[in-house]
Amino acid sequence: MSYVTGNTIKELREKKGYTQRQLAEILCVSDKTISKWETGKGLPDVGIIGELASSLGVSLAELLTGEYTENKNRSANMKKMAFYVCPVCGNVIQAAGNGSYSCCGILLPELETEEPDEEHTMQVEVVDGEYFVSIPHEMSKSHYISFLCYATSSCVQTVKLYPEQGAEARFTRRGHGVLYAYCNRHGLYKKLI
């Protein structure tokens, strides 16, 4: 099991603009204690780890692993969607920007879009005032499209698909946006509409 390192504490403290004394005052410890943690001559007690993470502005998992992310997407434009899929249980996490997400004990990487090929090309038709999206993709238990998503600057619509049903969905038209499709074997694909 990993535990917080002195370098992580120092880096996060400096990023927040705290002196050792300021951090010590927040945590009700001495500045010598902070110095010991940062130089590796001591470790914070497990009882104070949650408060330490909170005062440094990170999650407990980020503090313990030393891997933290900063969401630079302050506008939260839905067309800048980020997707994370758990390889163990298939859980899908969608966010309006980058983040740090874990599932089944695994830190999930953000999915990157792939170049579409014949099998992963999304066809879009307007039917009864809605977008009808279909993909000529097999839908078996071992190889299928897991979800389709339509994102505009202010709205997201997602349809979860399951093996042995069609790789298709209908979405309410809301103007220009981005369509996403996720293949459980080949990854994420997108199309501008």
Candidate set: the stretch 1-25, residues that are outside any helix (DSSP H, G or I) and crowded, with 17+ Cβ neighbours inside 10 Å; chosen: the one nearest to the chain's Cα centre (by Cα): V4
Are any residues in the stretch 135-187 part of a strand (DSSP E or B), over 18 Å from the mean Cα position of the chain (by Cα) and polar (S, T, N, Q), and if so, which ones? T172
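Condition first: surrounded by 14 or more Cβ atoms within 10 Å (Cβ to Cβ) and either of a type in the set (D, E, K, R) or part of a strand (DSSP E or B) (or both). Now tell me which residues in the stretch 91-106 satisfy that.
Within the stretch 91-106, the first condition is being surrounded by 14 or more Cβ atoms within 10 Å (Cβ to Cβ), and the residues that meet it are 92-103.
V92, I93, Q94, A95, Y101, S102, C103 - these are the residues of the stretch 91-106 that are surrounded by 14 or more Cβ atoms within 10 Å (Cβ to Cβ) and either of a type in the set (D, E, K, R) or part of a strand (DSSP E or B) (or both).
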I need the full set of residues from the stretch 32-89 which are open to solvent by 80 Å² or more (accessible area, probe 1.4 Å), of a type in the set (G, A, S) and modelled with pLDDT under 85, in order please. S75
From (1) open to solvent by less than 30 Å² (accessible area, probe 1.4 Å); (2) over 14 Å from G6 (Cβ atoms), pick out the condition that doesn't hold for C28. (1)
Evaluation of Y162 against (1) closer than 20 Å to N91 by Cβ; (2) among the aromatic types (F, W, Y); (3) in contact (Cβ under 8 Å) with a residue 40 or more places away in the chain (one fails), failing number: (3)
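Residues R170, R174: which one is modelled with pLDDT of 90 or more, charged (D, E, K, R) and surrounded by 13 or more Cβ atoms within 10 Å (Cβ to Cβ)?
Details: R174 fails: modelled with pLDDT of 90 or more.
After applying the criteria, what remains is R170.
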When restricted to E125, E118, the only residue free of Cβ contacts under 8 Å to residues at least 12 places away in the same chain and either under 25 Å from the mean Cα position of the chain (by Cα) or open to solvent by 30 Å² or more (accessible area, probe 1.4 Å) (or both) is E125
Test: V88 is among the β-branched types (V, I, T), in contact with a strand residue (DSSP E or B) (Cβ under 9 Å, 6 or more places away or on another chain) and part of a strand (DSSP E or B): no
Please verify whether L148 is within 20 Å of A82 (Cβ to Cβ), modelled with pLDDT of 95 or more and surrounded by 18 or more Cβ atoms within 10 Å (Cβ to Cβ), treating the condition exactly as stated. yes
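The values are calculated or read from the model by the stated rules, or taken from the named source; none is laboratory data. Keep in mind the model is a prediction, meaning the values are calculated, not measured. As a convention, Cβ positions derive from the backbone with ideal geometry for all residues, glycine included, and neighbour counts pool all protein chains shown. These accessible areas exclude ligands, DNA and RNA; they are computed on the full protein's heavy atoms, side chains included. Shrake-Rupley method; radii C 1.70, N 1.55, O 1.52, S 1.80 Å.
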